[in-house]
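Colleague: Dropping the structure in here first, questions after.
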Amino acid sequence: MTAPTTTTDPRKGGRWIEQWDPEDETFWRERGERIARRNLVFSVLSEHIGFSIWTLWSVMVLFMGPEYGVDPAGKFFLIATATLVGAIARVPYTFAVARFGGRNWTVFSALTLLLPTGAAYAVMEPGTSYTTFLAVAALTGVGGGNFASSMTNINSFFPLRRKGWALGLNAGGGNIGVPVVQLIGLLVIGTAGAAHPRIVLGVYIPLIVAAAVCAALFMDNLGPVRNDTGAAGEALRDRHTWIMSLLYIGTFGSFIGYSFAFGLVLQTQFGRTPLQAASLTFIGPLLGSLVRPVGGRLADRYGGARITLWNFAAMALATGVVVFASVIESLGVFLVGFVALFLLTGVGNGSTYKMIPGIFRAKALDRGMTGEAADAYGRRLSGASMGLIGAVGALGGLAINLAFRQSFQTAGTGTSAFVVFLFFYLGCFGLTWAVYLRRAHAGGPVAAETEPGPSYARV
């Protein structure tokens with residue numbers, strides 16, 4: 001085969017690798033794995049900071065005492081606004097990688113994080129209007145877009161047999177940006193006090209610049225990845241894109257929605273102070289982020305559909321514990337159930353994202369494609385669908401925060417919202433079974449990585 005080459009094209013503004021075939025085991029062993037791992041490391045760094053900025057307002061609202069004049073419903077709406085904009089941003093960010101190159105877009109998207117961070121630094125004080133806070137919260141949504149471009153980019157670097165691990169590590173390292181910004185908020189509140197939110201923002205400005213510089217120096221653009229509007233259209237028409245979007249609402253939508261809302265729920269329902277809430281808020285997102293690669297690894301070994309199925313059953317059970325704790329007003333039981341939910345969202349995030357490339361490769365095999373043709377089809381469609389699935393999934397975070405807002409407005413507690421979430425997880429369990437596992441358990445053929453068949457149980 002022709003060895004991949006790295007060239008500098010001034011018209012494209014960066015280093016471009018013009019040939020890339022990760023499914024070729026010789027190439028992967030001799031050169032591909034080293035290059036892919038290097039790009040993965042610095043992709044994680046940029047995505048990590050993007051997640052921190054996207055979830056910035058889950059921390060900023062903890063600093064907003066009575067002097068800010070914003071009630072709990074208003075705070076929930078601030079974080080819901082950031083969630084919404086981040087979800088929408090994921091669609092154009094997905095296709096930007098093919099248009100501008102993964103390295104080039106990572107540099108640009110990292111630098112854009114300076115805008116919401118600087119704006120928050122300027123306005124974060126009592127007396128600022130709620131409209132201004134809302135506009136600045138919306139700006140942080142650009143951090144949510146970083147996930148889509150990062151995942152699309154890394155998906156192209158790794159072979160199918162390693163995608164679960166690579167995508168899980170990339171996303172998990174990014175997700176850890178959520179607890180890290182919350183830990184920084186805790187440190188500031190515990191040392192300088194709740195009157196100094198600008199210290200948190202000051203920490204991130206040099207980190208954003210460092211991430212952009214590292215991406216410019218150490219990442220690559222893949223020439224074979226080209227914007228393919230036909231792939232986008234095909235992904236939009238494919239029912240699996242929308243089925244997986246719904247499942248991803250249940251996993252990632254839950255993770256990001258709970259990450260935004262956890263501190264506010266503790267303050268509003270259990271009367272915790274900002275310091276007490278901040279001391280607990282980071283635990284769930286941290287654990288959920290750390291286990292995401294585990295979910296991907298389990299999916300690589302046992303099949304993403306199987307792991308996803310039983311993960312939704314466990315999520316419903318954990319939500320039942322949370323509902324029980326909410327009714328009896330037990331903070332200890334509530335924390336056990338809620339932390340378990342975070343762990344399970346992490347496992348589910350890893351397993352669902354592993355399913356996406358497997359589903360489209362299985363479709364290629366069912367259509368009679370083999371070898372590189374099947375691999376190319378899987379990469380083409382999965383890359384186009386990932387951003388769409390990620391965007392719709394992130395809207396689950398918006399739904400969760402709006403559900404909490406409504407629940408607290410009407411009942412003063414989050415119990416009714418959790419009941420809704422429980423039934424949703426049960427619905428996702430049934431959907432996963434019906435679409436991806438039912439025929440396999442009925443004795444039908446199973447679509448493994450090497451053989452075609454109408455079932456996707458091994459994806």
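Colleague: List the residues, sorted by chain then number, that are 5 or more residues from Asp220 or on another chain and whose placed amide H is less than 5 Å from its amide H.
Modeller: Long-range HN contacts for Asp220: Arg103.
Colleague: Report, in degrees rounded to the nearest 10, the 0 to 90 angle that the Cα long axis of helix 292-302 makes with the longest principal axis of the chain.
Modeller: For 292-302 against the chain, the angle is about 40 degrees.
Colleague: Continuing with the same structure: Check Val70: other-chain or 5+ apart residues with amide H under 5 Å from its amide H, H built from backbone geometry?
Modeller: HN-HN under 5 Å from Val70: empty list.
Colleague: Per residue of region 250-264, in order, report the coupling 6.51 cos²θ - 1.76 cosθ + 1.60 (Karplus, θ = phi - 60°) as ³J(HN,Hα) in whole Hz, putting x for Gly and Pro.
Modeller: Once rounded to whole Hz, the list reads x, 9, 5, x, 5, 4, 6, x, 5, 4, 5, 9, 3, x, 5.
Colleague: Okay, next question. Can you work out the Karplus-derived ³J(HN,Hα) for every residue in region 78-92? Use 6.51 cos²θ - 1.76 cosθ + 1.60 with θ = phi - 60°, whole Hz, and x for glycine or proline.
Modeller: Ordered by residue, 3J(HN,Hα) equals 4, 6, 5, 4, 4, 4, 4, 5, x, 5, 5, 4, 5, 5, x Hz.
Colleague: Report the relative contact order of the chain, percent, no decimals, based on alpha-carbon pairs under 8 angstrom and at least 6 residues apart.
Modeller: After rounding, I find 22 percent.
Colleague: Separation between the Asp24 and Arg99 pseudo-spin-labels, each 7 Å from Cα along Cα→Cβ, expressed in nm?
Modeller: 3.1
Colleague: Next question. For labels at Glu67 and Leu236 in the simple 7 Å Cα→Cβ model, what's the distance in nm?
Modeller: Distance between the two pseudo-spin positions: 5.0 nm.
Colleague: Arrange the peptides 143-154, 237-248, 90-101, 42-53 so that the one whose residues have, on average, the most other Cβ atoms within 10 Å appears first.
Modeller: With the highest mean Cβ count within 10 Å placed first, the list reads 143-154, 42-53, 90-101, 237-248.
Colleague: Using modelled backbone amide H atoms (1.01 Å from N, in-plane), which distant-in-sequence or interchain residues come within less than 5 Å of Gln19's amide H?
Modeller: Residues meeting the criterion, in which the H sits 1.01 Å from N, are Thr5.
Colleague: Report the Cα centroid-to-centroid distance between region 169-225 and region 252-277 in angstrom, as an integer.
Modeller: 20
Colleague: Order Cys214, Cys428 by their accessible area, 1.4 angstrom probe, all chains in place, largest first.
Modeller: Cys214, Cys428
Colleague: Can I ask one more? Tell me, in nm to one decimal, what length is gained between Val336 and Thr131 on full extension, where the rule is 0.36 nm per residue of separation less the Cα-Cα distance?
Modeller: 70.1 nm
Colleague: Give a residue-ordered list of calculated ³J(HN,Hα) values for region 38-48 (Karplus: 6.51 cos²θ - 1.76 cosθ + 1.60, θ = phi - 60°; whole Hz; x for Gly, Pro).
Modeller: 4, 5, 4, 4, 7, 5, 4, 4, 5, 5, 4
Colleague: Could you work out the helix-only [θ] at 222 nm for the chain, with each DSSP H run of four or more residues adding -39,500 (n - 2.57) and the total divided by the number of residues, to the nearest 500 deg cm²/dmol?
Modeller: -25000 deg cm²/dmol
Colleague: Quote the FRET efficiency, to the nearest 0.05, computed for His196 versus Val41 with a Förster distance R0 of 35 Å and r equal to the Cβ-Cβ distance.
Modeller: Step by step, r from the Cβ atoms, then E = 0.60.
Colleague: Along the Cα→Cβ direction, 7 angstrom out, place labels at Glu372 and Leu114. What is the inter-label distance in nm?
Modeller: Rounded to a tenth, the inter-label distance reads 4.3 nm.
The values are calculated or read from the model by the stated rules, or taken from the named source; none is laboratory data. This one's a predicted model, so the numbers in the text were calculated from it and none came from an experiment. Cβ atoms come from the backbone with ideal geometry, glycine included; neighbour counts cover every protein chain shown. SASA here: full protein model, heavy atoms, side chains in, ligands and nucleic acids out. Shrake-Rupley method; radii C 1.70, N 1.55, O 1.52, S 1.80 Å.
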